[in-house]
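One structure is given here, and the rest of the page talks about it.
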Amino acid sequence: MLTPQLDKQLPDGVADLFFNDAARKRAAERALADTFTRWGYAEIIPPMFEYYESLGAKAGPQLREEMYRFFDRDGRTLALRADFTIPIARIVGTKLFDRAMPLRFYAIGSVFRFKEPQAGVRREFTQAGIELIGANTADADAEAIALAMTALRALGLDDFRFTLGNAAYLQATLRDLALNAADDAALRDAIRRKNTAALAQLLAALNLDSTRHTALARLPTLWGNAEVLDRAICIDDDARAAIERLRAVVAQLAQFGLADCVTLDLAENRGMDYYTGILFEGFAQGLGFAVASGGRYDNLIAHFGHAIPAVGFAIGVERVMMLQRTRASVAPEVIAQTHSARIEDARARGRIVEVDVLNRAEDALRAYARVRGAREIWWRDGAIENV
Amino acid sequence: MSKLTIALAKGRLLAPSIKLVESLGYDLRAARASRKLVLASNGAQFLIAKASDVPIYVEYGAADVGIVGQDALRESGANVYEPLVLGYGLCRLVVAGKRESQDAEWKTRAGLRVATKYPRAAQNYFSTRGLSGEIIALSGSIELAPMVGLADLIVDVVDTGRTLRDNGLVELDEIFKSQAALIVNRASHTLKVDVIRQLVEQIESKQDF
């Protein structure tokens, strides 16, 4: 029986990980860290919490609302980190702005968001991501996407596709329209959900010039291969530049041999107050929601003092784990009845050796070794027995 | 080519949805004849699910595609694509009450109790208007609630309005119009890009006549 206080042991959205799950998670994190390192990214470890005014003020309204907040003893509001991008932007904007660019950072760890239950959503979850800072080029965009794909492969996921859009295209197409907030939100939502019917109604009510009307009405259908870039209507140079950037990124990805893993999608417009250029999401066969997402955010670091462009992504480690069918072994190879010099030797060579500390009888030790999945028992007299 | 899983909403949308799907060359006679929940035809798999569950199946990717009313879709809040409306299953989500509520007085009253199968839509309607509605979530026969004093108002879908009239209720406001829609999982949309495009275009061509 649980004591009454323990009726509900855990708040919603968090989980205990142990045995196989903990081992798998750490193995995934190691594979990601190794991959990022080999591409020249250095680890950065921002604090778990910092002032809400630095995390919150730069986050979009939704992320801000989802932040866990609490008070420091001097009355200032603190917040748990809700992603790595904002803390890294703060560090770069305040401390590293005068270094040789680009800077390449990776971060792996827990982030916290108060979210309603929804597909694949937890309140503490693990992000593993990179930021490529100080380069606003198609090469940098393509490197971020290619690295995200390489990272998924390093995790054993081969059957994946990425959607790729450019926030700058819709921003250019909506510029100077002076829509009120509700219309603007409804329009973006209809475009994001590819809801052609709702979009047509909204556009009819807005009374736009015909070029802009057609450009927007067409958006929900502009997904597929590079051919969609030819069908996009560009109302100005910025829109044209956004389309040309996508063309250049796709060409660059072709150099990596990865162009076939991309679906272009010009209707993509999540996080509009954040992303300023390309944005992408990675989907893997077998999971109904994204395992990776990222994009270009050229205005964020400026909030911390220095305007420096950047692109990055994060992989949802728990989501990847849902897809991995492999079991990580947590079994000892050897159970030794008592301590000996041989054990130190074996451990030094990387074998996993566990010593019995309960002074079990022989049969009890055999039974325990079977339960633990050990392969050998080393008896006190030096005999080795296969389990 | 990868196989599609298509979820169809049970209830009043099922018959026209089956008709639409059969016009695309699938054979769903078994769905009419039996109570089977999973059917296979022509390389696709069909799930017959409760309307309010269809958006969930699709959001999680248990189904790639679904056919469901926009009322159930909005209520679920599911993050899915909704590329097509299908022109059938027309209905409206409305606020209704007893005849004596018909004057605008209900909008100014505090402590309104609202019975509904659509708590999210109802909450959203009342809170965006600054009205203090206490939402009572029921799962059927909503019209009963005002008659027995459980609630002052209801939020429910109406088709012809007959059920409202028969139970002495009148429509006070329309929240939104609804019809059947095709919804698509965001991952399937890119992982099965060709099959999904083909399906959307096929349905579109049926609608054009």
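Fraction of C-alpha pairs exceeding 43 angstrom in the protein assembly as shown: 33 percent, rounded to a whole number. The residues of the protein assembly as shown present an accessible area of 48 Å² per residue when probed at 1.4 Å with all protein chains retained. Calculated mean residue ellipticity, 222 nm, the protein assembly as shown: -10500 deg cm²/dmol, from DSSP H runs (n ≥ 4) at -39500 (n - 2.57) each, averaged per residue and rounded to 500. Taken residue by residue and averaged, Cβ atoms of other chains lying within 10 Å of the Cβ of A:190-198 number 6.
Rounded to the nearest 10 degrees, the angle from helix B:14-23 to the longest Cα principal axis of chain B is 30 degrees.
Per-residue shielding of B:79-92, expressed as the average number of other chain Cβ atoms within 10 Å of the residue Cβ, stands at 3. Suppose we keep just the DSSP beta bridges with both residues in the protein assembly as shown; what percent of those would be antiparallel, to 5? Percentage antiparallel, nearest 5: 70.
Across the range A:334-386, Cα pairs under 8 Å and at least six residues apart give a relative contact order of 43 percent.
The interface between chain B and chain A buries about 2000 Å² of solvent-accessible area in total (1.4 Å probe, ligands and nucleic acids excluded).
How big is Rg to Rh over the range B:48-128, alpha-carbon atoms, Rh as the Kirkwood inverse-mean-distance radius?
Values: Rg = 15.9 Å, Rh = 14.9 Å.
Looking at the range B:48-128, the ratio lands at 1.07.
Annotation for A:ARG30 and A:ARG76: the two label points, set 7 Å from Cα along the Cα-Cβ direction, are 3.9 nm apart.
Rank by packing, highest mean first: peptides A:193-199, A:140-146, A:179-185, A:77-83, with packing defined as the count of other Cβ atoms within 10 Å averaged across residues. List each step's numbers first, then the result.
Details: A:193-199: 21.7, A:140-146: 23.9, A:179-185: 11.1, A:77-83: 19.9.
Packing order, densest peptide first, comes out as A:140-146, A:193-199, A:77-83, A:179-185.
Label separation (A:HIS213 vs A:ASP139): 4.5 nm, computed from points 7 Å beyond Cα along the C-beta direction.
Can you give the mean number of other chain Cβ atoms that lie within 10 Å of the Cβ atoms in peptide A:332-339?
Values: counts 0, 0, 0, 0, 0, 0, 0, 0.
What the average comes to for A:332-339 is 0.
Beta bridges assigned by DSSP with both partners in the range A:1-117 are antiparallel in approximately 75 percent of cases. If you take all other residues with their beta carbon under 13 Å from the beta carbon of B:ALA137, and give Lys and Arg +1 and Asp and Glu -1, the sum is 0. A rounded overall shape is assigned to the range B:91-176, the ratio a/c of its alpha-carbon gyration tensor axes (a ≥ b ≥ c) being less than 1.5.
With 40 Å² as the minimum drop in accessible area between chain alone and full protein complex (1.4 Å probe), the qualifying residues in the range A:145-172 are A:ARG161. Averaging Cα coordinates gives a centre for the range B:153-209 and one for the range A:234-281; these two points are 32 Å apart.
I need the peptides A:131-138, A:160-167, B:34-41 ranked by packing, meaning the mean over residues of other C-beta atoms within 10 angstrom, with the highest value on top.
Details: A:131-138: 21.2, A:160-167: 25.1, B:34-41: 12.1.
Top to bottom by mean Cβ count within 10 Å: A:160-167, A:131-138, B:34-41.
Overall, the range A:176-324 carries a charge dipole of about 300 debye about its Cα centre when +1 sits on the Cβ of Lys and Arg and -1 on the Cβ of Asp and Glu, all other atoms neutral.
Electrostatic bookkeeping for B:TYR57 treats Lys and Arg as +1 and Asp and Glu as -1; over the other residues with beta carbon under 11 Å from its beta carbon, the sum is -2. Run down the lysines and flag those whose C-alpha is under 23 Å from the C-alpha of A:LYS8, throwing out any fewer than 8 positions away in its chain. Qualifying lysines at Cα under 23 Å: A:LYS115.
Going by the alpha-carbon gyration tensor, a ≥ b ≥ c the square roots of its eigenvalues, is the range A:1-153 rounded (a/c under 1.5) or, if a/c is not under 1.5, prolate (a/b greater than b/c) versus oblate? Because a/c hits 1.5 or more and a/b fails to exceed b/c, the range A:1-153 counts as oblate.
Magnitude of the charge dipole for the protein assembly as shown, about its Cα centre and with charges confined to Cβ atoms of Lys, Arg (+1) and Asp, Glu (-1), is about 1060 debye. Between the Cα long axis of helix B:119-128 and the first principal axis of chain B there is an angle of about 50°, rounded to the nearest 10.
I'd like the carbon and sulfur percentage of the solvent accessible area for the protein assembly as shown, probe radius 1.4 Å, heavy atoms only, ligands and nucleic acids excluded.
Working: 14310 of 28490 Å².
Exposed carbon and sulfur together represent 50 percent of the surface.
What is the local net charge at B:LEU47, summed over the other residues whose Cβ is closer than 15 Å to its Cβ (Lys, Arg +1; Asp, Glu -1)?
Values: positive: B:LYS3, B:LYS10, B:ARG35, B:LYS36, B:LYS50; negative: B:ASP53, B:GLU59, B:ASP64.
Neighbour charge sum, excluding B:LEU47 itself: +2.
Once the Cα atoms are used to define both axes, helix A:196-206 deviates from the longest principal axis of chain A by about 40 degrees. Of all DSSP-defined beta bridges confined to the range B:82-209, some 65% are antiparallel rather than parallel. Efficiency by 1/(1 + (r/R0)^6): what FRET value for A:ALA57 and B:GLU134, r their Cβ-Cβ distance, R0 = 51 Å, to the nearest 0.05? The value I calculate is 0.90.
The values are calculated or read from the model by the stated rules, or taken from the named source; none is laboratory data. Note that the coordinates shown come from a computational prediction; the quantities given were computed from them, not determined experimentally. Cβ coordinates were reconstructed from backbone atoms using ideal geometry, including for glycine residues, and neighbour counts include every protein chain displayed. Keep in mind that these areas ignore ligands, DNA and RNA; they rest on the heavy atoms of the full protein, side chains included. Shrake-Rupley method; radii C 1.70, N 1.55, O 1.52, S 1.80 Å.
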